[in-house]
Amino acid sequence: MQRILCVCGARPNFMKIAPVVDALRRIEDVALVIVHTGQHYDERMSSRFFGELNIPQPDVNLEVGSCSHAVQTAEIMKRFEPVCLEHKPDWVVVVGDVNSTIAAALVAVKLGIKVAHVEAGLRSFDRTMPEEINRILTDSISELLFVTEPAGVENLKREGVDDERIHLVGNVMIDTLRRNKDRADASTILSSLGVEPANYALTTLHRPANVDNAERFSSILRALKEISKDMPIVFPIHPRSRKSIETMRLGEQVASIENLRMIEPLGYLDFLKLMSNAAVVLTDSGGIQEETTILGVPCLTLRDNTERPITIDQGTNRLTGSSTDAILSAYRAVRDTRPKGTIPDLWDGHAAERIVDILTGVKS
């Protein structure tokens, strides 16, 4: 009997861990333990996703909550160590690049427990991003590295990682999207917001480089104001962005965007419905770059770099940075000529099965 402990903690983790958990549950000789660190503790950002994605309620909830990077990482480590000592897993599976990822991985390897990292090898080459540090460190200590795209394999080899640790398996985020697309199509969120398919923009912002910098945030808002003259903009606002609007006194600028629908964070199915039907998506999220690639929806990434280059090379994504003029130029280009992308290899809805086959040695 293999004992496998799966760790998740923040909203992007839930979409990534769901298909892995589902595949593991189908194998009789696996004892599965799900640990939620509580990094995202809000109902809209966390527990609702367990129900929507059919993830069993976590066996352990560390209930860490929000705090600084150092405090949060340390607190997860303190609370996670006794869980490992109690359950004595053969593997700890971590996903993505959040504080929960590196914290759980560090605890496990120091206890002699093997770590498998799902979504390994991604690199923005921008070490000012907390996520980049988490990615590099987690990959360096993980036994198995499950990679979403060829660039990730190249990055790991360049860093001297042995070939036998690297496995190109596809994208578990896309597994989740494909499994839930029909359910999302039944959502009534568009009518609730009073928007029509292909006649609105969707935006998300949460990265510190954008929302903790008043100049960059204001520049993005100026672009949104211009876009709103063409079509409504739906903006599910992240708690970090809301706080920044208040502390940076950007409320008046936000209020001047007349065609802006600022709403609370959404559940997975409602958000997928909104994203699928948008004329354009403006975001600084990594996962949304991948999801829009599969959906064929134009995506403007409001960053200077991306750790997911395949979404540009093959998908519908464009990097714009935060300059008002650059954002508007890219917006006009996709508005006038909708880009056509292709679906990357192995983004077929079966990445989790390939992961579990390798992890357990049992065909799932």
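Taking the range 326-346 as the range and being under 21 Å from residue 202 (Cβ atoms), in a loop (DSSP other than H, G, I, E, B) and not β-branched (Val, Ile, Thr) as the test, the residues that pass are 338, 339, 340, 341. Residues in the range 322-354 that are at positive phi and in contact with a strand residue (DSSP E or B) (Cβ under 9 Å, 6 or more places away or on another chain): 346 alone.
Within the range 198-212, being touching a residue at least 60 places away in the same chain (Cβ under 8 Å) and either in a loop (DSSP other than H, G, I, E, B) or not assigned by TED's automatic domain parsing to the domain that holds residue 229 (or both) holds for 198, 199, 200, 205, 206, 207.
Yes or no: residue 33 over 21 Å from the mean Cα position of the chain (by Cα), outside any helix (DSSP H, G or I), modelled with pLDDT of 90 or more and over 20 Å from residue 183 (Cα atoms)? In short, yes. Selection of the range 320-340 for residues being free of Cβ contacts under 8 Å to residues at least 12 places away in the same chain and crowded, with 16+ Cβ neighbours inside 10 Å yields only 326.
Being modelled with pLDDT under 95 and surrounded by 15 or more Cβ atoms within 10 Å (Cβ to Cβ), is that true of even one residue in the range 189-206? Yes: one or more hits.
Exactly one of these conditions fails for residue 71: (1) aliphatic (A, V, I, L, M); (2) free of Cβ contacts under 8 Å to residues at least 12 places away in the same chain; (3) touching a Gly at 6+ places or on another chain (Cβ under 6 Å). Give me its number. (3) is the only condition that residue 71 fails. Here residue 82 meets the list (1) assigned to a helix (DSSP H, G or I); (2) surrounded by 17 or more Cβ atoms within 10 Å (Cβ to Cβ) almost entirely, failing just condition (2). Taking into account only those residues within the range 7-26 that are crowded, with 18+ Cβ neighbours inside 10 Å and outside any helix (DSSP H, G or I), which is modelled with the lowest pLDDT? That would be 10.
In the range 304-324, what residues are polar (S, T, N, Q) and either part of a helix (DSSP H, G or I) or at pLDDT below 95 (or both)? Before you say what the answer is, go through the steps one by one.
Within the range 304-324, the subset polar (S, T, N, Q) is 305-306, 311, 314, 316-317, 320, 322-324.
Correct list: 311, 324.
Contact map, the range 247-269: residues that are polar (S, T, N, Q) paired with residues that are in a loop (DSSP other than H, G, I, E, B) and buried (at least 17 other Cβ atoms within 10 Å of the Cβ), Cβ distance under 8 Å, separation 6+ or inter-chain. Pairs shown: 259/228; 259/231; 259/232. When 107, 195, 115 are checked against the criterion of being more than 27 Å from residue 304 (Cβ to Cβ), assigned to a strand (DSSP E or B) and either over 18 Å from the mean Cα position of the chain (by Cα) or in the same structural domain as residue 264 (by TED's automatic domain parsing) (or both), a single residue qualifies: 115.
The values are calculated or read from the model by the stated rules, or taken from the named source; none is laboratory data. Just so we're clear, the structure is a prediction, and the values are computed from it rather than from any experiment. No Cβ is skipped: glycine too gets one built from the backbone with ideal geometry, and neighbour counts run over all protein chains shown.
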